[in-house]
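What follows is a short report on a single structure.
The values are calculated or read from the model by the stated rules, or taken from the named source; none is laboratory data. Quick caveat: nothing in here was measured; it's all calculated off a predicted structure. Glycine also receives a Cβ, built like all others from the backbone with ideal geometry; neighbour counts cover every protein chain displayed.
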Amino acid sequence: MNPDAPGSYLFTASIETAEQRLKSYIAPEDRDNWRELLDDRLEALSKSRAGKEALLEERGFTIVKLPGSRDIG
């Protein structure tokens, strides 16, 4: 596409609340109690991510961790 020529540009946007985003980490059938389950789920996701990052680092990849970033999955 030529940005200087007339044309149509299509994009999609998705907007969700923080609550909707956090609920999405919990299985649909368990969302009635999502607040009680969230801490354990985030901890499990963090451990899973750390394990995957460790495997990648062993294979020579560099994982860049930004200051202030959180591992939540």
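Points to keep in mind about this one:
- Single condition residue 46 does not satisfy, out of (1) touching an Asp or Glu at 6+ places or on another chain (Cβ under 7 Å); (2) exposed (fewer than 10 other Cβ atoms within 10 Å of the Cβ): (2)
- Residue match in the stretch 35-49 (condition: hydroxyl-bearing (Ser, Thr, Tyr) and outside any helix (DSSP H, G or I)): no
- Some residue of the stretch 55-64 being charged (D, E, K, R), at pLDDT 95 or above, surrounded by 10 or more Cβ atoms within 10 Å (Cβ to Cβ) and assigned to a helix (DSSP H, G or I): yes
For every residue, the table says whether it meets (1) among the polar types (S, T, N, Q); (2) without any contact (Cβ under 8 Å) to a residue 12 or more places away in the chain.
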residue	(1), (2)
21	no, yes
26	no, no
30	no, yes
34	no, no
42	no, no
48	yes, no
54	no, yes
59	no, yes
65	no, yes
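- In the stretch 7-54, the qualifying residues are those that are polar (S, T, N, Q) and over 17 Å from the mean Cα position of the chain (by Cα), and the one that is modelled with the lowest pLDDT is 8.
- Residues in the stretch 6-26 that are surrounded by 10 or more Cβ atoms within 10 Å (Cβ to Cβ) and assigned to a loop (DSSP other than H, G, I, E, B): 16, 24, 25, 26.
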